[in-house]
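> Once you've had a glance at the structure underneath, I'll fire off some questions.
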Amino acid sequence: MMTETTLGYEYWGLLASTWDLWRDDTANWADRQLFLEVIRRYGEPVLDIGCATGRLILDFLGQGIDCDGVDISPEMLAITHAKAAARGLRPNLYQQHMEALDLLRAYRTILVPSSSFQLITDASAAQEAMRRFYSHLLPGGVLVMPFFLPWQPGQPLEADWSLVFEKARAEDGLKVRRWSYERYEPNVQLWHSKDRFEVVRGDEVIDTENHERSPAGRWYSQAQAVALYEANGFVNVRVTSEFTDAPAAEGDMLFCVWGEKRS
Ligand SMILES: C[S@@+](CC[C@H](N)C(=O)[O-])C[C@H]1O[C@@H](n2cnc3c(N)ncnc32)[C@H](O)[C@@H]1O
């Protein structure tokens, strides 16, 4: 049976192949505008870490922005390569763990979109990733990462199974359903997840796939995220609200942390 443990990466099978089907049109997502503004201010080259199926890197390359991508899932990277070829683009894509990032180039802007940094669950691996992000920045360059809080005090410790999407896939018209379940451990700021996929022909389920990640991710308060940046040498560290340039409010469930490498 395929699992994250046997494969060494989490985004496999139907999670990878239905990623774009689930996300649909992302052109107007708020993070895209913010990241374009970050690139305008801090410059190129840009590194998109956890680039997945290429939502941002292909968009940026299409605009003439010099951007490389990193992801640990060969299945996600294969989709990006195919989409790039269809658009006449030739991205530099690297299959690496962000906590073992080792590239020949340094960057003015490093982005870790969609809170993918929080997928590192081991605290020392997260520190190592921060060290590597810092060493891959040019002086004066910036690291911008969004963080989200999946749970807050007073909420239940479990989010019961719920339907994430049910859509027909383009290649064969078959319906795909995804359900998800999450459990939260506030004392260690970790969450655990299960996903179940079904492929349906008519009324018959012809394929199922189960994904389980325990732990699946780690969350950080704003102060903890700032401390992580500062402990790894970043300066001018600031926290902005959601995908804006405005200072974050204390209760924000989604915030971006910006940190610069000393010039
Ligand atoms: C939530 S998706 C990111 C989506 C994409 N950044 C976007 O904004 O559309 C997370 C991605 O991070 C990748 N990933 C997870 N853990 C990783 C790690 N430790 N190092 C590198 N990539 C990782 C996954 O394979 C997946 O493609």
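The values are calculated or read from the model by the stated rules, or taken from the named source; none is laboratory data. Owing to the predicted nature of the structure, the values given are computational and were not obtained by experimental measurement. So basically every Cβ, Gly included, is an ideal-geometry build from the backbone, and we count neighbours across all protein chains shown.
> If we scan the range 161-168, do we find a residue that is within 16 Å of the ligand (Cβ to nearest atom) and in contact with a Ser or Thr (Cβ under 7 Å, 6 or more places away or on another chain)?
yes
> Okay, moving on. Those residues that are more than 8 Å from the ligand (Cβ to nearest atom) and of a type outside the set (A, V, I, L, M, F, W, C), I need them from the range 29-53; list them, please.
Answer for the range 29-53, where residues must be more than 8 Å from the ligand (Cβ to nearest atom) and of a type outside the set (A, V, I, L, M, F, W, C): Arg32, Gln33, Glu37, Arg40, Arg41, Tyr42, Gly43, Glu44, Pro45.
> In addition: If you check Glu166, Glu182, Glu171, which single one turns out to be modelled with pLDDT under 95 and at negative phi?
Glu171 is the lone residue from the list that is modelled with pLDDT under 95 and at negative phi.
> Thr26 - would you say it is farther than 17 Å from Met145 by Cβ, within 12 Å of the ligand (Cβ to nearest atom), of a type in the set (S, T, N, Q) and surrounded by fewer than 17 Cβ atoms within 10 Å (Cβ to Cβ)?
Spelling it out, Thr26 is indeed farther than 17 Å from Met145 by Cβ, within 12 Å of the ligand (Cβ to nearest atom), of a type in the set (S, T, N, Q) and surrounded by fewer than 17 Cβ atoms within 10 Å (Cβ to Cβ).
> Quick check on Val199: is it surrounded by 13 or more Cβ atoms within 10 Å (Cβ to Cβ), touching a strand residue (DSSP E or B) at 6+ places or on another chain (Cβ under 7 Å) and in contact (Cβ under 8 Å) with a residue 60 or more places away in the chain?
The answer is yes for Val199.
> Ok, one more. Just for the range 107-129: of the residues that are outside any helix (DSSP H, G or I) and of a type in the set (Gly, Ala, Ser), which one is nearest to the ligand (Cβ to nearest atom)?
Ser114
> Could you check the range 230-257 and list, in sequence order, the residues that are under 23 Å from Pro139 (Cβ atoms) and outside any loop (DSSP other than H, G, I, E, B)?
Hits for the range 230-257 are Glu230, Ala231, Val235, Asn236, Val237, Arg238, Val239, Thr240, Cys256, Val257.
> Scan the range 163-181 and report the pairs whose first residue is touching a residue at least 60 places away in the same chain (Cβ under 8 Å) and assigned to a loop (DSSP other than H, G, I, E, B) and whose second residue is of a type in the set (Phe, Trp, Tyr) and exposed (fewer than 15 other Cβ atoms within 10 Å of the Cβ), with Cβ atoms within less than 8 Å and a gap of 6+ or a chain change.
Within 8 Å, no pair qualifies.
> Would you pick out the residues in the range 32-65 that are surrounded by fewer than 20 Cβ atoms within 10 Å (Cβ to Cβ) and either outside the structural domain of Asp102 (by TED's automatic domain parsing) or not hydrophobic (A, V, I, L, M, F, W, C) (or both)?
Arg32, Gln33, Glu37, Arg40, Arg41, Gly43, Glu44, Pro45, Asp59, Gly62, Gln63, Gly64
> Residue by residue through the range 213-229, note down the ones that are in contact with a strand residue (DSSP E or B) (Cβ under 7 Å, 6 or more places away or on another chain), assigned to a helix (DSSP H, G or I) and crowded, with 19+ Cβ neighbours inside 10 Å.
Residues satisfying the conditions are Ala225, Tyr229.
> Just for the range 1-23: of the residues that are assigned to a loop (DSSP other than H, G, I, E, B) and exposed (fewer than 15 other Cβ atoms within 10 Å of the Cβ), which one is modelled with the highest pLDDT?
So the residue we want is Gly8.
> While we're on this one: Here is a list of conditions, (1) closer than 26 Å to Met253 by Cβ; (2) in the same structural domain as Glu250 (by TED's automatic domain parsing); (3) among the aromatic types (Phe, Trp, Tyr), and Tyr181 meets all of them except one; can you say which number that is?
Tallying (1) closer than 26 Å to Met253 by Cβ; (2) in the same structural domain as Glu250 (by TED's automatic domain parsing); (3) among the aromatic types (Phe, Trp, Tyr), Tyr181 fails exactly one: (2).
> Going through the range 8-49 one residue at a time, which ones are in contact (Cβ under 8 Å) with a residue 40 or more places away in the chain, over 16 Å from Cys256 (Cβ atoms) and hydroxyl-bearing (Ser, Thr, Tyr)?
Correct list: Tyr9, Tyr11, Ser17, Thr18.
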